[in-house]
Structure formats: C-alpha cells, structure tokens
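Let me begin by presenting the structure, written as structure tokens, before commenting on it.
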Amino acid sequence: MKRRNLIVGAAAALTVGQLVGCARVDRTETGSVTTSPDQAPARQPRPATPPPVRALRSAASSRGLYFGAAIQAGTLGDSRLRSIVVRDCSTITPEWAMKWDALAPGRTYNFSEMDQLASFAARNGLAMRGHTLLWHKSLPSWAASALASSRDWAIIDDHFSKVIGRYGNQVREWDVINEPIEPNHGGRGLRNNQFYKAFGEDYIERALESARARAPRARMVINEYGLEYNSGYEGQRRLSLLRLLERLRSRGAPVDTVGLQAHLDLRKGTVYADGIYGLMRDIRNMGLKVAITELDVAEANTGLSVERRDSLVADETRRYLDIVLQFNNVLGVSTWGLNDSHSWLRTQRSSANRGLPYDREWQAKPMHNAILTAFA
Ligand code: G3I
C-alpha cells in the first residue's frame, strides 16, 4: 500500500473566511455574491493570502467520488455551516430528521424539520442520502407495538410510501436497513431487532424490495458499523455481514451498496488493514458498491496537546481511507458531521472530542487535509 506523507501544513489551520474567501466560493448558498460601491468595505491591508484549500467535494470528484456530511436541521441557521456545506459537499445526510421516530414520534407525521433540510439541499443542488428507513433505535413505540401485535408488513410499507414518496426524488442512496448485524444475538449473526422478531430474517429482503419498488433509480444500501478493528467481535461482525450479503445476492435481493459507517475509535488501536481489505475485496467480488457513510474519529486521550490529538485523528483517517479508496467500487465518503461542536461523540465520548474535519471555530484541521490528500 502506497503511504503518502501526511500533509499537515498551514493550510490545515484556515478559518472559514480564508477557506471561503481565498478559495473564491464558486457556489454560494443563494446565487452569486455582489457588493455595490456603497457597500464596498473600507480598504483594509490585505492579509497574506494563504494558498486556497481545495474543497472536499472537488477533490472527491476528481476521483469520481462524492463527499458529503451528516447535517442536523437545527444547525442550518449557522451561515458559516451553510457556506461550508455548499462548498465542501455534494450530498448531505439527515443526521436525525428523516428517522422514523423523528418524523412520527406519535402516529402523526411531522415533516417540517426534514423539509428544511430537503429545501436547503434542493436550493443548493445537493443530493441526499436517505438515512434511514429501518433502524432498531429509531422505531417509534407506536409502530413497535403495532408490529409486535399484528406482524403486518403494511405498517412498514406505509412508512416507506410516506418517506420515499416525499423525498425520493432527492435521494440517491437509501439506507434501507441500518445495523442489522449482531453476532451476540445468534441467528446467523443477525440482530434480533423488532423487525426480525416480527418477520424473521426475511424482513431484510422484504424491506429492500419495498424500497426498490418505491425508489427504482436509487441505490439500496445496508449500512453497518463496527467493522474496522482487529478484535474477535469485529471479525465476527465482518463475517456475519458478508454471509448476509451472500445470502441476499444468492436470492436476487435488490441490494446494491454496502454502507460502511466508519466510526473510527482510537481506543481500539489502529484500523485493521487486513480485515478491512478483505471485507472490501469480498464486497467488490460480489459486485456490490461501497459508500463510507459516517466517518468520524473517537479520541482515546483528550489530555494530549491539540496538535498531537489532531495528528492522531488525521493519521487514523488516512490509514482507513488509504485502504478503502484503493477499491474502485467506492461511491463516496460522508463524515458524520463537519464541525466538532455538532458531533454525537460529544455525548458519547468526550465533549472535547476533535474527530471531524473542522473545529468549533470552523478552522480546517489536519483531518480535513487527511481527507483531501486521501482523495488525491
Ligand atoms: O432535536 C431534537 C429535539 O427537538 C427533541 O425535542 C428531542 C426529543 O428527544 O430530540 C432531539 O433530537 C435528538 C437528535 O439526536 C438531535 O439531532 C434526539 O433526541 C437524539 O436521539 C438524536 O440522536 C441521534 C442518534 O443517531 C439517534 O437517532 C444522533 O444525533 C446521531 O448522531 C446518531 O447517529 C447514528 C446513526 O443514525 C447510525 N449510526 C450510528 C450513529 C451514532 O449513534
């Protein structure tokens, strides 16, 4: 595997203004930016202009890939976030708003938050990832009770019709099933979730078929985590996923793409190159595509210097991307957020976690450069 030197230069510490200014944003949120003479700012000494940092989306597209990020509807009020998303991303993933329990915590659907994200995406020419149709953690209690008592697939079909019917023309990839694997549950490595309890393993193929029928041009994705490190458990997860995919392919089930969440974790050591390589090779040999769907890095020790912490995060990011981007069936990379202040890891690991491309002040960090150079 070709190792590239990690380029952690001045460019890694640019503010949004510098990123947006010197990179001359070719895409603004609402049309081109103009200033009339009376608005022209008073002449200021020009700061030394650092070399422009390439937008992540253009670096990705030079490899025929997309770059995207998960976005929370509640953060769309931040103009810096909007500018950076439009500059860096060609697709967004609703971090929460499209989930079943977000749309319909009670039986009534409320699409307002998701509509905000969809409108933002449409206004700015961004695609969306459909995250996610079935997930054991986002099934609202009313639907869980109905499924348990009636085992009526119409409940699921109705949900798919509502969500795909409303957003399907903006979604290129549907995370139809999120996290179906759990080796500790027995059952051929499948999670004994509410859907499995109601319909058995067939729920996976039925869900893929129901989604395909409603979104015939989109990619049908099974999205999974915990596949990156050298442990017996993660080895079992990789094997269980591959066996599931083989069974689905042998039955002609409409699965096109495997979503690798890629929540990297420095507490687990460094990523297991042979394990990831073998997983990618076997997925490719099945004729399936891969999307890296939720890339971020959980730190092990936030007591180190910021420089050291950022370097460890960037190194792990590069290690992982260097392996998966060797494969030509990778469609794109999405990070699970852009700015550390919005990361789920703030509650799951540390409020100080620095596992995303930008810090709280929207300065691009070495992880940003690590992704850029992995695309090079
Ligand atoms: O914003 C709402 C608020 O309006 C509402 O009053 C409140 C009621 O509980 O919920 C708030 O939403 C929270 C939401 O995050 C904010 O974005 C939800 O409570 C909270 O459960 C939700 O957590 C999300 C979690 O999935 C569960 O949906 C995290 O943000 C999100 O990062 C996490 O993402 C998952 C992926 O979907 C699947 N892979 C793992 C990943 C991390 O767990």
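Is it the case, given these coordinates, that Trp135 is of a type in the set (Phe, Trp, Tyr), touching a strand residue (DSSP E or B) at 6+ places or on another chain (Cβ under 8 Å) and either within 16 Å of the ligand (Cβ to nearest atom) or modelled with pLDDT under 95 (or both)? Yes; evaluated as a whole, the condition is true for this residue.
Annotation note: Cβ proximity below 6 Å between a residue of region 229-251 that is of a type in the set (Phe, Trp, Tyr) and a residue that is open to solvent by 80 Å² or more (accessible area, probe 1.4 Å) (sequence gap 6+ or interchain) occurs for Tyr229/Lys268.
Those residues that are within 16 Å of the ligand (Cβ to nearest atom) and buried (at least 22 other Cβ atoms within 10 Å of the Cβ), I need them from region 343-356; list them, please. Explain how you work it out, then say what you get.
Residues of region 343-356 within 16 Å of the ligand (Cβ to nearest atom): 343-351, 353, 355-356.
Residues satisfying the conditions are Ser343, Leu345, Gly355, Leu356.
Checking each residue in region 319-339 for being open to solvent by 10 Å² or more (accessible area, probe 1.4 Å) and either within 16 Å of the ligand (Cβ to nearest atom) or among the basic types (Lys, Arg) (or both) picks out Arg319, Trp336. Counting the residues of region 176-190 that are surrounded by fewer than 19 Cβ atoms within 10 Å (Cβ to Cβ) and at negative phi gives 2.
Give the residue, chosen from Ala198, Ala207, Ala213, that is open to solvent by less than 10 Å² (accessible area, probe 1.4 Å) and either basic (Lys, Arg) or not in a strand (DSSP E or B) (or both). Step through it out loud before you land on a result.
On the way: Ala198 fails: open to solvent by less than 10 Å² (accessible area, probe 1.4 Å); Ala213 fails: open to solvent by less than 10 Å² (accessible area, probe 1.4 Å).
Every option except Ala207 fails the conditions.
All conditions in (1) surrounded by fewer than 16 Cβ atoms within 10 Å (Cβ to Cβ); (2) within 17 Å of Ser210 (Cβ to Cβ) hold for Glu173, with the sole exception of (1). Within the option set Thr270, Thr335, Thr293, being over 26 Å from Arg247 (Cβ atoms) and touching a residue at least 60 places away in the same chain (Cβ under 8 Å) holds for one residue only, Thr335.
The values are calculated or read from the model by the stated rules, or taken from the named source; none is laboratory data. Every value quoted in this text rests on a predicted model; they were computed, and no experiment measured them. FYI the Cβ positions are ideal-geometry reconstructions off the backbone, even for glycines, and counts take in every protein chain you see. Surface areas here come from the heavy atoms of the whole protein model, side chains and all, with no ligands, DNA or RNA. Shrake-Rupley method; radii C 1.70, N 1.55, O 1.52, S 1.80 Å.
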